[in-house]
Every structure is written in C-alpha cells, then in structure tokens.
Amino acid sequence: MVGNKEPYKEPWRYSASGISIALRVTPRGGRDDIDGIEQLSDGRSVLKVRVRAIADGGAANKAVVVLLAKSLGVPKASVRLLSGATSRLKQIAVDGDPARLGEALRQLAAAKSTDQGN
C-alpha cells in the first residue's frame with residue numbers, strides 16, 4: 001500500500017460484461033454532472049452524481065442513465081439501474097469493455113476530485 005495516494009477506493013466493480021457503479025445522486029442539483037468520489041460514513045466509496053431533474057416518477061433516475069451513458073460514450077441501453085430506484089444511493093450497471101469503462105470513470109472522477117479543496 002505504500003505509495004498509493006488515492007484517498008478512496010474506486011466505487012465500481014468489474015465483471016465480464018462491464019462494470020457496476022455505486023452512486024450517490026443529488027436530484028435538483030442545478031446541473032447534470034459527475035462530482036468525483038466520496039467516502040460514506042460506513043467506509044464505502046460512491047461516485048457523486050448530480051442531475052437537474054427532480055426525484056419524481058423516475059425522472060432523476062432517467063437523467064442519471066443519460067448522464068452516465070453520455071459521459072462513458074455508451075448507448076443508453078447499456079446503462080441500467082440495479083438497485084436504489086427510490087434512494088439517493090444507487091447501483092448502476094454499465095455494459096461494455098470493463099477496462100475502457102473503468103479508465104473513463106477514473107479520469108472523470110479524478111478530474112472532479114482534484115478540483116475540490118476538502
């Protein structure tokens with residue numbers, strides 16, 4: 001572990017068909033964006049995501065799917081909600097090349113995580 005400067009472990013897991021991502025979603029967040037990686041009080045890491053949509057009738061979940069598909073360069077059909085339909089904490093599956101998806105997420109998260117002062 002010496003030399004590993006990453007503050008959090010990655011909030012995604014690899015599988016043969018793609019990756020699954022642990023998210024914390026902020027509906028009515030003012031913009032659709034990925035805000036980096038955050039560690040929850042129980043020690044789990046999550047990818048912070050904000051969307052403009054309100055959490056009503058699945059609108060925020062749809063916005064999350066669209067945002068992740070666009071950010072990762074995959075079709076919307078490749079992104080699906082695994083759990084947390086009515087919760088801020090969600091599990092999302094993304095089908096595709098796991099190595100490419102993981103690298104894309106790492107770059108998106110790193111760009112945002114380093115922007116924050118705390």
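At-a-glance table
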item: Residue with peak Gaussian network fluctuation, the chain [Cα springs, cutoff 10 Å], from ILE54, ILE37, ILE21; result: ILE54
item: Rg and Dmax of the stretch 6-58, Cα atoms only, in Å; result: 12.6, 37
item: Positive dipole terminus of the stretch 30-118, leading residue within ALA110, ALA60, SER87 (C-beta point charges); result: ALA60
item: Shape of the stretch 51-118, Cα gyration tensor, a/c cut at 1.5; result: oblate
item: Cα-based shape type of the chain, given that a ≥ b ≥ c are square roots of the gyration tensor eigenvalues and the cut on a/c is 1.5; result: oblate
item: Chain lengthening between ALA77 and SER17 when straightened (0.36 nm per residue, less Cα-Cα); result: 20.2 nm
item: Portion, in percent, of the accessible area of the chain that falls on carbon or sulfur, probe 1.4 Å; result: 52 percent
item: Candidate lysines - alpha carbon under 22 Å from LYS70, same-chain residues fewer than 8 apart omitted; result: LYS48, LYS62, LYS90, LYS112
item: Mean separation of Cα contacts under 8 Å (6+ apart) over length of the chain, as relative contact order %; result: 29 percent
item: Within the chain, percent of DSSP bridges classed antiparallel, to nearest 5; result: 85 percent
item: Derived scalar couplings ³J(HN,Hα) [the stretch 83-89; Karplus, 6.51 cos²θ - 1.76 cosθ + 1.60; whole Hz; x for Gly, Pro]; result: 7, x, 4, 10, 10, 6, 8
item: Per residue value of the accessible surface for the stretch 1-87 (all protein chains in place, 1.4 Å probe), Å²; result: 59 Å²
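The values are calculated or read from the model by the stated rules, or taken from the named source; none is laboratory data. Small disclaimer: the values here were computed from a predicted structure and weren't measured. Note that we place each Cβ from the backbone using ideal geometry, even for glycine, and neighbour counts take in every protein chain shown. Accessible surface areas use protein heavy atoms only, side chains included; no ligands, DNA or RNA. Shrake-Rupley method; radii C 1.70, N 1.55, O 1.52, S 1.80 Å.
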